[in-house]
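*Asks:* What follows is a structure written as structure tokens; I'll ask about it next.
The values are calculated or read from the model by the stated rules, or taken from the named source; none is laboratory data. Please read all numbers here as calculations on a predicted model, not as lab measurements. Neighbour counts run over all protein chains shown; Cβ positions are idealised from the backbone, glycine included. The accessibility values were calculated without ligands, DNA or RNA, using every heavy atom of the protein model including side chains. Shrake-Rupley method; radii C 1.70, N 1.55, O 1.52, S 1.80 Å.
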Amino acid sequence: WDPTMDEVTFKSDTVLSDVHLYTPNQRHLMVRLNGVGQPVFLSQFKLLWSQDSWTDSGTEGGHHRDAHSWEFPPAGSGSGHSREGSPLQAGADTSGQEGAGAQLDEDGDLDVVRRPRAASDPDLEGSPRDKVHPMILTQEEDDITGDKAPESCPHSVIRIEHTMATPLEDVGKQVWRGALLLADYILFRRDLFQGRTVLELGAGTGLASIVAATVARTVYCTDVGADLLAMCQRNVALNSHLAAAAGGGVVKVKELDWLKDDFCTDPEAPFSWSEGDIADLYNHTTVLFAAEVFYDDDLTDALFATLSRLAHRLKNACTAILSVEKRLNFTLRHLDVTCEAYDHFRSSLHALEKLAHGKLRFVVEPVEASFPQLLVYERIRQLELWKIVAEPAA
């Protein structure tokens, strides 16, 4: 054990996901070092469904499973929050679409609402605040919460290997709230994914693809970087029992670079595509999805170009589901609170909808996040889902 891993070290270029930020200050289980020397941790993400009484919840489509279906808790129960009742991360009003809409004090300064202290703080007054972090495994025991271990209750936990406090170029190795929101939506709208071939763009740790595999026939889980894809493959293997028990499908981890027009088909390259994979993707894919990949304008442009290119090449009409968090930042360039990455994302949505050439037109609409929450995270108002439907042009 390396004692320097007792605490996360922050540098000027460090990026840390909110999911990991609110982790108790204790020694974590570091399972290995990845190919570039970064420490890899193992987290458990608890699912709030009931294994003993899985019954169909009556969501759209009404499909019943031969193996299992899901019993959804009421919206707002337990750790779940509907969008209307979610606490704000920084006291911001995001109801408007123009500007950041941040609250200011009488002097015009940003008014930041401080987070309540952890429930373990002996000086905490009032009711304790629910934990919003994943359950991080300690070295001494499997589960710090006292719940059943994954071996005895395997269908209630998703186990994810990830890194923490990475530079910006490695943020895909962390778990982000947008992926958890997307996973919730997949479980809610399983009729959209049931028995289908689907593609995730920028899968990162693979959490959303793992959830999608519980309902879809084939999930193409894609990203770039051999080390990231290897981590993603390990996570797929760690959770393969979830898809098997639910009568789901297979996850195929593949490289897909948005900056290139073609797939990597070199048989010597790891995570390359076979001709059969490419044919299956084009002939059967009906759903594309992505979460928390809109933090860099160039990458956002590349993703929308890839999405449009794939939609035009697919044999079937397709739907894309995009998850994004509207992050507020104070910039010296503007001397104001802005959300430039989110604004560029919205501009890209608008540009896609206005495309006047090609055989397709794209219909864009927001998705109300009022569906049940089956994963433990904080569903803040800044989390958004957008649906894009590719239809034949008139």
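*Asks:* Return the pairs, sorted by first residue and then second, in which the second residue is among the small types (G, A, S) and open to solvent by 10 Å² or more (accessible area, probe 1.4 Å), the first residue lies in region 191-209 and is over 13 Å from V251 (Cβ atoms), the beta carbons are less than 6 Å apart, and the residues are 6+ apart or on different chains.
*Replies:* As it stands, the answer is D191/G61; G204/G172, since those pairs meet every condition given.
*Asks:* With region 169-275 as the region, which helices (runs of 4 or more DSSP H) entirely inside it contain at least 2 residues that are under 24 Å from L48 (Cα atoms) and in contact with a Phe, Trp or Tyr (Cβ under 7 Å, 6 or more places away or on another chain)?
*Replies:* Passing ranges, in order: 177-188, 207-212.
*Asks:* Examine region 350-367 for a residue that is aliphatic (A, V, I, L, M), within 30 Å of R159 (Cβ to Cβ) and either in contact (Cβ under 8 Å) with a residue 60 or more places away in the chain or open to solvent by 10 Å² or more (accessible area, probe 1.4 Å) (or both), and state whether such a residue exists. Step through it out loud before you land on a result.
*Replies:* Let us first name the residues in region 350-367 that are aliphatic (A, V, I, L, M), namely 351-352, 355-356, 360, 363-364, 367.
Still in the running and within 30 Å of R159 (Cβ to Cβ): 367.
Applying the additional criterion that residues be either in contact (Cβ under 8 Å) with a residue 60 or more places away in the chain or open to solvent by 10 Å² or more (accessible area, probe 1.4 Å) (or both) yields 367.
Scanning region 350-367 turns up at least one residue that is aliphatic (A, V, I, L, M), within 30 Å of R159 (Cβ to Cβ) and either in contact (Cβ under 8 Å) with a residue 60 or more places away in the chain or open to solvent by 10 Å² or more (accessible area, probe 1.4 Å) (or both).
*Asks:* What about T265, is it open to solvent by 50 Å² or more (accessible area, probe 1.4 Å) and within 21 Å of H312 (Cα to Cα)?
*Replies:* For T265, the condition - open to solvent by 50 Å² or more (accessible area, probe 1.4 Å) and within 21 Å of H312 (Cα to Cα) - is met.
*Asks:* May I ask you to say which residue of V219, V224 is open to solvent by less than 40 Å² (accessible area, probe 1.4 Å) and either closer than 20 Å to C318 by Cβ or not charged (D, E, K, R) (or both)?
*Replies:* None of the others qualify; the one that does is V219.
*Asks:* Sticking with this structure for a sec: Of the conditions (1) within 17 Å of the chain's Cα centre (by Cα); (2) open to solvent by 10 Å² or more (accessible area, probe 1.4 Å); (3) within 25 Å of Y295 (Cβ to Cβ); (4) modelled with pLDDT under 95, I158 fails just one. Which one is it?
*Replies:* (2)
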